[in-house]
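Below: the structure, in structure tokens.
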Amino acid sequence: MKPNGEAVRILEQIAVLQQDSKGNITHILGICNEITSWKKSCQQIASVTSTVDHSVIFYTSDELESQPLRAVLSKRELEIVKLLAQGHSSKFIADKLFISFHTVNTHRQHMIEKTKTKNTGELIQFASSRGLTL
């Protein structure tokens, strides 16, 4: 928001720079640019690019709004992906939620399958694009 109360449009770009051997994100780069002066299109588009094979998945604003994150993932899965996005390990999450390490990893695999993502980093990007708040 500008001092005069006028809204601004922002382009947010987030890239996973590094993951550990378990697929946990260890480094990200985030860049925000004001794009108010850019031509406005009818639809907003979010994209997720795989760091493995560089494939790109595009979501239009209609798709993003038609399937909120809570409609895609269960309450427990939302808890887990939120903790993953905060950088916590499966062991930490298991201890915090009083479940086994294997249960955390099973939930993680189910979330990756449900969201058609390829790894934990893409899962977190998917969740973030649908409004995951930390």
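Coordinate-derived values only; no laboratory data. Predicted, not measured: the structure shown is a model, and the values here were computed from it. A quick note on method: Cβ atoms are made from the backbone with ideal geometry, for glycine too, and the neighbour counts reach across all protein chains shown.
Observations
- Using the average count of surrounding beta-carbon atoms within 10 Å as a protection proxy, the listed peptides 85-98, 117-130, 21-34, 2-15 rank, highest first, as 117-130, 85-98, 21-34, 2-15.
- Filtered GluC sites (Glu not before Pro), region 69-116: DSSP coil and at most 11 other beta carbons within 10 Å: none
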